[in-house]
Amino acid sequence: MEITVQWIETSWTKKSRGGEAAARRNAAPVGFVVPALAPSFAHVVRMHERDGFEPYDSQEDLHRVNVQLRESDGRLRVHPRVEPLFAVPPRPRRPPAVRLVPGQWVRWQLNYRFSSATGMQDWSYWTDTFNIAYGPVGTDVFLSEPTVHIDERGQLR
């Protein structure tokens, strides 16, 4: 069965925590048209503060996307991984995996805050948005409302 994966990474620093820069960041899309993908590849879109949150897309091997995908009994089990190093904000109780049937898709959003171990660098922040569809879908599937939306974004301070 076909699996379509789009990973959107938006990153910023304290400079974009308020004002016009934050407004640009918050207006960034959470879904894009999917280009033709080679099998076992994901559509990756990165938007960075240093580029004014302009989207840059590429294709990456599906195994490099930090999400567990498992097909079983005609369903796709989806669950993003959160590494302990990137567990800020705290996630004491994560939602269970989503099980999609053909024709469904999920949008799963997580955010993070990070500083160097020595505290020499300022805080950096990013949001990962995973759009994952199961079964044949159109290239504009992620421009519509998802079947399931999981929002694990926490307070970043």
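The values are calculated or read from the model by the stated rules, or taken from the named source; none is laboratory data. Source: prediction; values computed, not measured. Positions of Cβ are backbone-derived with ideal geometry, glycine not excepted, and every protein chain shown enters the neighbour counts.
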Looking only at residues in the range 1-24 that are in contact with a Leu (Cβ under 9 Å, 6 or more places away or on another chain) and either surrounded by 15 or more Cβ atoms within 10 Å (Cβ to Cβ) or of a type outside the set (Lys, Arg) (or both), which one is farthest from Arg46 (Cα to Cα)?
Met1
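Here is a yes/no grid of residues against (1) of a type outside the set (Phe, Trp, Tyr); (2) at pLDDT below 95; (3) surrounded by fewer than 12 Cβ atoms within 10 Å (Cβ to Cβ):
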residue	(1), (2), (3)
Val34	yes, no, no
Val44	yes, no, no
Asp51	yes, yes, yes
Asn66	yes, yes, no
Leu69	yes, no, no
Arg77	yes, no, no
Arg81	yes, yes, yes
Phe86	no, yes, no
Pro90	yes, yes, yes
Within the range 33-48, can one find any residue that is in contact with a helix residue (DSSP H, G or I) (Cβ under 9 Å, 6 or more places away or on another chain) and touching a residue at least 60 places away in the same chain (Cβ under 8 Å)?
yes
Do you know which of the residues in the range 108-126 that are under 9 Å from the mean Cα position of the chain (by Cα) and surrounded by 20 or more Cβ atoms within 10 Å (Cβ to Cβ) is modelled with the lowest pLDDT?
Leu110
